[in-house]
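Working notes for the structure below.
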Amino acid sequence: MTTVYTIGEALIDFIPASKGVELKNVESFTKAAGGAPANVACAVAKLGGHAAFIGKLGADAFGEFLVDKMAASSVDVSRVLRTNEANTALAFVSLREDGDRDFSFYRNPSADMLLHEDEISDDWFEKGDLLHFCSVDLIEAPVKYAHRKAIELAREAGAVISFDPNVRLPLWPDKESCRRAIHEFLPLSHIVKISDEELAFITGIADEKTAISSLFVGDVQHVIYTRGAAGATWFSRGGLEVSVPGNRVDVADTTGAGDSFIGALLYQAQMMPQWLEQLEQVDRKQVEELLKFANAAAAITASRPGAIDALPSLHDVETFLEREEN
């Protein structure tokens, strides 16, 4: 089986005990494993795919906790490095009544930022593998250049590159730095997943269709546009456009829902290597099934607290889809 690699941050999310309380007024938190690339790797592995995480963690108890958590989800953690130079990143979260979030990050620097390009091996990737990354670790730090090298090596090996900007502005010195980094890496991707909350910010274009069209730069072949409970639309460079509605659930915590969505897509792609070999040509019915499956995974995740702990199994998703159809 091929491997879905993810690269970037794994961190500790401290989730508040109650919703609707501003972060400054939260009195207690629950520790949860998180970080978008780590979440995606776990999403793939929990569904039954083969996933590996590439990153660096502190030589501390939180780093140990994250390694154990990913390994327990069947993620290959052999490419996780440890360092005494910085601690594992922390994120304190406040939840609004609708389950959406505000973040306060502690990483100045954090261990993930210190992953160096010379720590990326040229024998990791093979044809048919997938490499997924986000924008949090595209800041001006060694890890940015580790991303560049990993993407370059994966592309040379014949892997498919997936990018979810997953914008977190509090981690950037200013908005323009974030936008510039996203535009720098966007053309290196084959698949881009972007949310309705990010589209106008990233593109600078108010009109939705025009904004989405502007994302087809460089090697981008497919753009998956997510709108939460309103569903998702798949756009291809060749003109295909497929929309599916979302699933209504009682939202507990939206943390990890988008990661579950893209993880479910990458899992399905991994299970269909013939589709990866014909990336520029996709079938409408097949895309509908891909999106329905990914929407179901995201909905299940949003209905549960936490990030990695909330991710569904294949049985969970299949059961959810059967219930929706009946």
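Let me spell it out: the conditions are (1) over 23 Å from L265 (Cα atoms); (2) in a loop (DSSP other than H, G, I, E, B); (3) modelled with pLDDT under 95; (4) not small (G, A, S), and P170 meets all of them except one. Which number is the exception? Evaluating P170 over (1) over 23 Å from L265 (Cα atoms); (2) in a loop (DSSP other than H, G, I, E, B); (3) modelled with pLDDT under 95; (4) not small (G, A, S) leaves (2) as the failure. The set of residues in segment 1-56 being more than 23 Å from R148 (Cα to Cα), under 20 Å from the mean Cα position of the chain (by Cα) and polar (S, T, N, Q) is empty. Out of everything in segment 73-83 that is in contact with a helix residue (DSSP H, G or I) (Cβ under 9 Å, 6 or more places away or on another chain) and open to solvent by 50 Å² or more (accessible area, probe 1.4 Å), what residue ends up being farthest from K56 (Cα to Cα)? Once the filter is applied, the top-ranked residue is S74. Counting only helices (runs of 4 or more DSSP H) that sit completely within segment 271-326, those holding 1 or more residues that are at pLDDT 95 or above and open to solvent by less than 80 Å² (accessible area, probe 1.4 Å) correspond to 284-302, 314-325.
Mind listing just one residue for me: the one in segment 127-144 that is open to solvent by 30 Å² or more (accessible area, probe 1.4 Å) and modelled with pLDDT of 95 or more and, of those, farthest from E9 (Cα to Cα)? Here the answer is E140. I'd like the residue in segment 173-213 that is in a strand (DSSP E or B) and not polar (S, T, N, Q) and, out of all such residues, is nearest to V160 (Cα to Cα). So, considering only residues that are in a strand (DSSP E or B) and not polar (S, T, N, Q), the one nearest to V160 (Cα to Cα) is I191. Tallying residues that are surrounded by fewer than 17 Cβ atoms within 10 Å (Cβ to Cβ) and either under 15 Å from the mean Cα position of the chain (by Cα) or assigned to a helix (DSSP H, G or I) (or both) within segment 156-167 yields 2.
Of all the residues in segment 47-91, those that are over 30 Å from L290 (Cβ atoms) and in a loop (DSSP other than H, G, I, E, B) number 8.
The values are calculated or read from the model by the stated rules, or taken from the named source; none is laboratory data. On a predicted model such as this, the values are computed, not experimentally measured, just so you know. Note that each Cβ is placed from the backbone with ideal geometry, even for glycine, and that neighbours are counted across all protein chains shown. Each accessible area value is taken on the protein alone, full model and side chains, heavy atoms only, with ligands, DNA and RNA left out. Shrake-Rupley method; radii C 1.70, N 1.55, O 1.52, S 1.80 Å.
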